[in-house]
1. How many residues does region 259-282 hold that are assigned to a loop (DSSP other than H, G, I, E, B) and under 21 Å from the mean Cα position of the chain (by Cα)?
2. Tally time: how many residues in region 293-319 are part of a loop (DSSP other than H, G, I, E, B) and out of contact with any helix residue (DSSP H, G or I) (no Cβ under 6 Å at 6 or more places or on another chain)?
3. Do we find a residue being closer than 30 Å to residue 211 by Cα and surrounded by fewer than 17 Cβ atoms within 10 Å (Cβ to Cβ) anywhere in region 77-95?
4. Could you identify the single residue in 116, 21, 38 that is out of contact with any helix residue (DSSP H, G or I) (no Cβ under 8 Å at 6 or more places or on another chain) and assigned by TED's automatic domain parsing to the domain that holds residue 135?
5. When you scan region 285-302, do you find a residue that is touching a strand residue (DSSP E or B) at 6+ places or on another chain (Cβ under 8 Å), within 30 Å of residue 174 (Cα to Cα) and either buried (at least 17 other Cβ atoms within 10 Å of the Cβ) or outside the structural domain of residue 122 (by TED's automatic domain parsing) (or both), even just one?
6. Just to be sure I understand, how many residues within region 109-130 are part of a loop (DSSP other than H, G, I, E, B) and at pLDDT 95 or above?
7. Is it true that residue 164 is over 30 Å from residue 53 (Cβ atoms) and outside the structural domain of residue 33 (by TED's automatic domain parsing)?
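The values are calculated or read from the model by the stated rules, or taken from the named source; none is laboratory data. Remember, it's a predicted structure, so these values are computed and weren't measured experimentally. Methodologically, a virtual Cβ is constructed for each residue, glycine included, from the backbone with ideal geometry; neighbour enumeration extends over all protein chains shown.
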């Protein structure tokens with residue numbers, strides 16, 4: 001499934017991307033499925049089995065995932081046989097309708113972590129040693145935005161840089177997780193842009209300040225469930241700025257994989273459903289180019305990861 005969060009008709013909902021131009025409202029589709037089968041409690045049961053908010057949905061576990069798959073199958077059937085009703089009843093939503101907005105797949109995660117220096121070529125270009133343990137830092141959750149939303153270049157710095165990354169999203173509570181069981185705690189994957197303000201990044205050793213400005217954590221367009229990503233370590237990753245390729249790599253080059261990161265992190269603290277982890281960027285960042293290149297207002301950054309789609313944002317100056 002390609003889970004997404006979207007706003008339409010004044011409500012924010014949980015959906016599944018359908019092709020390039022439509023979204024299935026999972027709660028509405030499951031409610032319609034139950035009603036079609038004569039269930040008098042269709043609405044209340046749908047709210048329990050397919051919550052309309054992504055963190056509540058992930059907390060509901062495998063039962064919610066199964067119900068969502070049934071909802072998608074039902075929506076496809078209705079769209080094929082009764083297309084006007086599918087749209088009129090809000091089961092299928094056209095992304096071009098007035099007021100539609102695609103949100104970040106997890107709009108406000110409790111925790112956002114990132115792994116630094118997780119590709120050897122990036123370590124080399126930045127002049128860092130290859131770390132012995134995952135180099136972790138936090139990103140404040142208010143940095144999270146969706147595809148097509150603007151990245152704001154702050155007033156306090158001209159050193160705004162790009163970092164295309166694979167992200168994973170926690171699906172089940174994780175504490176003292178072993179590497180062997182780690183993937184069982186992952187709901188799926190999405191694309192991330194670890195926007196970096198380079199001078200602020202090195203004001204302190206944690207890097208958090210330079211990694212957490214508002215709007216500096218785009219993710220999306222969808223949360224692709226783990227069953228649709230058979231090997232997360234074989235995904236092509238490209239970052240383009242104004243159509244020019246700046247980063248071109250593959251996730252096989254990560255130093256620490258998801259299993260190692262989760263096994264390490266959860267020895268210290270608990271991760272919860274909906275938490276997002278950025279897994280690091282390959283070489284090709286602007287600050288390591290000669291001469292250095294940094295983002296300006298009007299620039300468009302597009303990050304592509306095979307099987308996950310594309311995350312695209314434009315840059316604006318802070319008002």
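1. First pass over region 259-282, keeping only residues assigned to a loop (DSSP other than H, G, I, E, B): 266-270, 272-275, 279-282.
Those still in the list that are under 21 Å from the mean Cα position of the chain (by Cα) too: 266, 270, 272-275, 279-282.
Residues that pass the stated criteria total 10.
2. Start the filter on region 293-319 by keeping residues that are part of a loop (DSSP other than H, G, I, E, B), which leaves 293-299, 306-308, 318-319.
Filter once more, keeping what is out of contact with any helix residue (DSSP H, G or I) (no Cβ under 6 Å at 6 or more places or on another chain): 295-299, 306-308, 318-319.
Adding up the residues that qualify gives 10.
3. Initially, region 77-95 is screened for residues closer than 30 Å to residue 211 by Cα, giving none.
Among the residues of region 77-95, not one is closer than 30 Å to residue 211 by Cα and surrounded by fewer than 17 Cβ atoms within 10 Å (Cβ to Cβ), which makes the answer no.
4. Numbers: 21 fails: assigned by TED's automatic domain parsing to the domain that holds residue 135; 38 fails: assigned by TED's automatic domain parsing to the domain that holds residue 135.
From the options 116, 21, 38, the qualifying one is 116.
5. Among the residues of region 285-302, not one is touching a strand residue (DSSP E or B) at 6+ places or on another chain (Cβ under 8 Å), within 30 Å of residue 174 (Cα to Cα) and either buried (at least 17 other Cβ atoms within 10 Å of the Cβ) or outside the structural domain of residue 122 (by TED's automatic domain parsing) (or both), which makes the answer no.
6. Residues of region 109-130 that are part of a loop (DSSP other than H, G, I, E, B), as a first pass: 109-111, 117-118, 127-130.
Filter once more, so that each one left must be at pLDDT 95 or above: 109-111, 117-118.
Within region 109-130, residues that are part of a loop (DSSP other than H, G, I, E, B) and at pLDDT 95 or above number 5.
7. Values: over 30 Å from residue 53 (Cβ atoms): no; outside the structural domain of residue 33 (by TED's automatic domain parsing): yes.
No; evaluated as a whole, the condition is false for this residue.
Here's the yes/no breakdown for (1) closer than 18 Å to residue 223 by Cβ; (2) modelled with pLDDT under 95:
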{"residue": "9", "(1), (2)": "no, yes"}
{"residue": "17", "(1), (2)": "yes, no"}
{"residue": "24", "(1), (2)": "yes, no"}
{"residue": "27", "(1), (2)": "yes, no"}
{"residue": "41", "(1), (2)": "no, no"}
{"residue": "48", "(1), (2)": "no, no"}
{"residue": "58", "(1), (2)": "yes, no"}
{"residue": "70", "(1), (2)": "no, no"}
{"residue": "102", "(1), (2)": "yes, no"}
